[in-house]
Amino acid sequence: MANIITRNIPNTITCCNLISGCIAIYFAFLCQPATALLCIIIGAVFDFFDGMTARLLGVSSPIGKELDSLADVITFGAAPATMVFSLLHTIDYPTALEPAREVLPYTAYIIAAFSALRLAKFNLDERQATSFIGLPTPANALFWGSLIVGAGNVITSSPGMLFVVLALILLSSYALVAEIPMFALKFKSWGWKGNELRYLFIISCFPLLIIFRTSGFAIIIAWYIILSAINNKHKSQN
């Protein structure tokens with residue numbers, strides 16, 4: 001009996017991630033982005049601990065890996081996409097595009113589709129054991145959630161922001177599956193040498209959060225992508 005319970009602890013945590021994502025979608029449809037973002041963050045916490053728990057208990061399994069990806073598609077794909085969907089329903093449209101108000105919001109689910117593609121690639125890509133190729137889905141979800149919560153009033157009040165949001169949908173979807181190596185915040189040691197980029201990134205996050213508050217997380221994700229690109233260019237030149 002104890003073995004059965006132990007084997008299912010990680011999967012139970014993964015299901016809590018999935019449930020958090022479902023609740024986030026519910027609040028996103030209700031146009032309550034702050035609560036939706038909170039549920040996504042709670043899901044991310046569960047996502048962090050399910051794999052750790054599986055390794056700690058020595059009960060990793062193929063079904064756990066598949067379940068983890070399914071949960072992530074909901075929490076970090078469908079949930080932020082629904083937040084964008086609701087945003088595109090409330091945003092000001094240029095007069096010429098007002099008839100498209102009932103259609104354009106569905107472009108938000110491009111994010112969900114590319115999140116699923118990203119997770120499928122991650123499961124098969126052996127290069128991503130210590131770093132990432134493309135933007136991780138939790139980071140993309142945090143980008144959209146924090147952007148909508150922190151700058152939602154600014155976005156919805158300007159008709160020109162419609163084009164910015166549509167462009168960001170395409171750019172973030174591309175970033176999910178792009179063949180761009182991105183560093184991971186995994187420390188093998190706590191020394192400065194070999195961890196310069198990680199420490200630089202962490203230190204730079206604090207002023208961004210102080211200045212921009214919630215929307216600072218979206219800027220941090222963009223900064224993470226830029227730093228990764230700079231680091232890749234530096235490596236290619238050496």
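The values are calculated or read from the model by the stated rules, or taken from the named source; none is laboratory data. For clarity, every value in this text was computed on a predicted model and none was experimentally measured. Neighbour counts run over all protein chains shown; Cβ positions are idealised from the backbone, glycine included. Only protein heavy atoms, including side chains, enter the accessible area calculation; ligands, DNA and RNA are left aside. Shrake-Rupley method; radii C 1.70, N 1.55, O 1.52, S 1.80 Å.
Checking every one of the trypsin sites (Lys or Arg not before Pro) in segment 150-238 against DSSP loop status and a limit of 14 other Cβ atoms within 10 Å picks out Lys186, Lys188, Lys193. Taking all protein chains into account, the per residue accessible area for the chain stands at 54 Å² (1.4 Å probe). Separation of segment 166-209 from segment 1-79 is 23 Å, based on Cα centroids. Filter the chain for me: DSSP H helices, axial length by Cα at least 20 angstrom, mean Kyte-Doolittle hydropathy not below 1.0. List them by residue number. Helix filter hits for the chain: 2-29, 33-57, 110-124, 161-177, 196-212. Here the dipole of segment 1-124 is about 360 debye; that uses its Cα centre as origin and unit charges on the Cβ of Lys and Arg (positive) and Asp and Glu (negative). Near Gly134, the amide H atoms lying under 5 Å from its own belong to Ile180, Met182; only residues 5 or more places off or on other chains count, and H is placed 1.01 Å from N. For Asp125, the solvent-accessible surface with a 1.4 Å probe is about 30 Å², rounded to the nearest 10. For segment 9-117, the orientation-averaged shadow of the C-alpha convex hull comes to 7.0 nm² (one quarter of the hull surface). Counted residue by residue at 0.36 nm each, then reduced by the alpha carbon distance between them, the extension gain from Leu200 to Leu185 reaches 4.3 nm.
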